[in-house]
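Please treat every number below as a calculation from the coordinates, not as lab data. What you see is a predicted model, and the numbers here were worked out from it, not measured in a lab. For neighbour counting, all protein chains shown are included, and Cβ atoms are generated from backbone atoms with ideal geometry for every residue, glycine included.
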Amino acid sequence: MLDLLLNNGVVRTFDAPGRAEAVGIADGRIRYVGTTEDAPPARRTIDLRGRLVTPGIIDSHNHLLLGFDPDAVSLEGAHDLTEVRRRIGAHAAARPDLDWICAENAVYSVVTGRRPNAGDLRGLTDRPVFITTYDQHSVWLNEAALRKLGIDRGTQIPWGRPEFDGHGAPTGWVTDFYTSAMTRAGLAGLQRDIPMYSPDRRYRRITSSLEMATASGITTVVEPQVPLAELDLMYRARAEGRMHSRVITALFHPVGADAAFRRDLREAVDGAPVDDMLRLGPVKLYADDVIEPHTAAMLADYANRPGHRGAPSLPPQEFTAMLTELDRLGFQTHTHATGDWGIRLALDSIEHAARVNRTTDRRHGIVHVECLHPEDLPRFRELGVVAAMQPRHCSPDLVAGTWMENVGEDRWDRAWRFRSLAESGAALAFSSDWQVGEMDPLVGLYSALTRSGLDGRADWTPRERMDLDSALRAYTRGGAWAWHAEDDLGVIRPGAHADLVVWSADLYALEPGELLDQRADLTLVGGEVVHDATVASVPADVPFAGSGAAGHTCSHG
């Protein structure tokens, strides 16, 4: 007797056989895959009415800790300074109770021809203003914030690198934010100075992000960058029953941390109170920064800045030694690399680690892979390296302007090479990079299929478009393999965890543009329905976010 039978549907198993009509579940695992006619009896049956069932989505890079802060103003869609000023001014007027005016999701190109500065925010409020960019790698401060933080000529702060003008005065722009902010000193400084980074507000972000995940059909989330100092927030979410999707937590390794810190990582993982819903283990590294502020490491000069190529986060020999030691300690690494030099450095280091340590099947990952030199493309397959990529990042409405101009048209064919990597046999694991991009995997699927903005009016580098089946594989079976979970997750086969998503239609029968009108109707984790979009309300102690389609409103470019 099954606990639950899903029948009369289109089931894409990503296993043999590739298609079925029904899925049966008992004791949290899949027990039957086949025709509706031959299905065993079940205590409960759901008629799919032709809807598609796939393995649950595995979001292999999702910043639960970033989330959204309801006490901050979103600059999503604010593409000019006038709109930025309007929103911040309105927020300041509406919230006289706030000591700081915080905003999120600013784009680099909000001011033409230069970076934004403190003077651009003059006259809006006499309170300090703190703005993060959409990618969390830079911060924009007003003059009151500079005074409050004591940033003056040559001042250094623990959570970023203030920029200074030709006269040595601070401009109000801070780079290297995200990598610095997640160090012990950086986080302590933020929590002391900026209310948005208090533990309670950080926890609120985690729980709201988890609610959105289940509502989007995501059954496993990889949080790619948790400082040791904030691990208790993850344990709290698990203890309070707020994890309805499985969570894999990658621990942040600050640039320059020493061997003693790596021993701390090993002790944290070995002593962690984890279970099937919360797992620790991967380690997040940075090979370089990001292309938009010219801080990613490039093999040739930036197209619009002759003589400048950026630089790796560490000297190459030091980075290689660090990754090699982590590999020796048994860690799988998850390395941010966007520029072609940064990607090559990561690949070189992984190759060196395997040779020196004689390790196999570690499945190290490289995240983003935004600008990939042709010579390095086959190395992902050869070295068994996972390309952990975000389809939405290639959308022209996000990268037109700053990214395209910095890289230059001669290198556009290196951008986000999803199809080429998949066809080469590389392991490809898709993700959202929430909240840098929308969490909803339907947005990612649409972007992978079209290479277009959400309005569908323009595409870019169309030769790298994928088909729906390949893109779904990267969100399911590919993600499971990336995290050594291919026996239990990412497939619909007897014995696997019953982590499933029922979509609102048969996605294979739709045109790409129609994907954005769909949603996750049902999300199941371990055979339990953790999200049901067809139910008008849910119990107060089960705080789900509603349908996955809500994620379409959360554009961050």
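Things to note:
- The packing ranking, built from the mean of other Cβ atoms within 10 Å per residue, places the peptides 64-72, 120-128 in the order 64-72, 120-128, highest first.
- Computing Rg and Dmax of the Cα atoms in Å for the structure here picks out one of (1) 23.0, 79; (2) 27.0, 92; (3) 24.6, 77, namely (1).
- Shape of region 438-540, Cα gyration tensor, a/c cut at 1.5: oblate
- Alpha carbon centroid spacing (whole Å) that separates region 186-213 from region 311-349: 28
- Helix 81-94 axis, angle to the chain major axis (alpha carbon atoms, nearest 10°): 80
- FRET E, pair residue 126, residue 257, Förster distance 30 Å, beta-carbon r, rounded to 0.05: 0.15
- The ranking of 528, 370, 240 from fewest to most other beta carbons within 10 Å of each one's beta carbon is 240, 528, 370.
- Computed from the C-beta positions of residue 457 and residue 423 and an R0 of 35 Å, the FRET efficiency is 0.80 to the nearest 0.05.
- Rounded, prolate or oblate (a/c below 1.5 giving rounded, otherwise prolate when a/b exceeds b/c) for region 412-457 by Cα gyration tensor: oblate
- Computed from point charges on the beta carbon alone (+1 for Lys and Arg, -1 for Asp and Glu), the dipole magnitude for the chain about its Cα centre is near 600 Debye.
- Note on residue 185 and residue 484: the extension gain reaches 104.3 nm, defined as 0.36 nm multiplied by sequence separation minus the Cα-Cα distance.
- Per-residue packing, averaged as other Cβ atoms within 10 Å, sorts the ranges 134-143, 81-90, 334-343, 260-269 into the order 334-343, 134-143, 81-90, 260-269, beginning with the highest.
- Cβ-Cβ FRET estimate between residue 329 and residue 147, R0 fixed at 56 Å, reported to 0.05: 0.80
- Contact order for the chain, expressed relative to its length and based on alpha carbon pairs under 8 Å spaced 6+ residues apart, stands at 18 percent.
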